[in-house]
Amino acid sequence: MNTFMANPEKVERKWYVVDAEGQTLGRLAAEVAKVLRGKNKPIFTPHVDTGDYVIIVNAEKVKVTGKKFEQKTYFSHSKYVGSEKITGMKEMFEKHPTYVVEHAVRGMLPKGTLGEQMYKKLFVYAGPEHKQQAQKPETLTF
């Protein structure tokens, strides 16, 4: 009996649309990361990108539990001395609502070049419209 190993050339990719309205941020990010990684497919191979494309709409309407909305912070640094910026989740939702969802999903993907390949298949939009209509994405519900 031979162990199956997927090849990047033979992987068939689908497009999915996920509506984030009313969904909890962490649970949504975990499910989306699973699809981006390909863990929902029987051909999953850890060292090959077997995942599908995911489009998340209504990112501004995602909900968070507990006191995260007031207490969670996002850290950025430009590598210059004294240039660290700490932004709260409330501010980040007002300025860039898509960044909050992207950051959560990215943290659940593998680190390194393989994770970067998977992350590039994620498209997040604040409103209900998206640009990938030509790919005929299927609706994905969790």
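Taking chymotrypsin sites (Phe, Trp or Tyr not before Pro) across region 64-133, the ones in a DSSP loop with at most 11 further Cβ atoms lying within 10 angstrom of their Cβ are Tyr80. Once the Cα atoms are used to define both axes, helix 25-37 deviates from the longest principal axis of the chain by about 30 degrees. Counted by Cβ distance under 9 Å from Leu122, the other residues give a net charge of +2, where Lys and Arg count +1 and Asp and Glu count -1.
When the listed pairs Lys39/Lys111; Lys68/Lys111; Lys14/Lys120; Lys14/Lys121; Lys111/Lys131 are checked against a 20 Å cut-off, the alpha-carbon distance exceeds it for Lys68/Lys111; Lys111/Lys131. Given DSSP loops and a limit of at most 15 other Cβ atoms within 10 Å, what is the longest stretch of the chain that contains no such GluC sites (Glu not before Pro)? For GluC sites (Glu not before Pro) (loop position, at most 15 other Cβ atoms within 10 Å), the longest site-free span of the chain is 22-83.
In percent, rounded to a whole number, the relative contact order of the chain is 33, using alpha-carbon pairs under 8 Å and six or more apart. The gain in end-to-end length when the Phe44 to Glu91 segment is fully stretched comes to 13.1 nm, 0.36 nm per residue minus the alpha carbon separation. Centre-to-centre, using Cα atoms only, region 76-109 and region 1-29 are separated by 25 Å. Between the residues Phe69, Pro97, Ile55, the greatest Cα displacement towards the positive end of the dipole of region 49-105, with unit charges on the Cβ of Lys, Arg, Asp and Glu, is found for Phe69. Spin-label model, Glu84/Ala134: points 7 Å from Cα along the beta carbon direction are separated by 4.5 nm. Name the aspartates and glutamates eligible as straight-distance cross-link partners of Lys90: C-alpha to C-alpha under 12 Å, and not fewer than 8 places from it in the same chain. Qualifying aspartates and glutamates at Cα under 12 Å: Glu60, Glu70.
How tilted is helix 97-107 with respect to the longest principal axis of the chain? Cα atoms for both, answer in degrees (0 to 90, nearest 10). Long axis of 97-107 versus the principal axis of the chain: about 50 degrees. By definition, a body whose alpha carbon gyration tensor gives a ≥ b ≥ c is oblate when a/c is 1.5 or more and a/b is not larger than b/c, and region 41-142 fits this oblate description.
None of the figures in this text is laboratory data; all of them are computed from the coordinates on show. Everything numeric here is computed off the predicted structure, so don't read it as measured data. In this analysis, Cβ positions are derived from the backbone assuming ideal geometry, glycine residues included, and neighbour counts consider all displayed protein chains.
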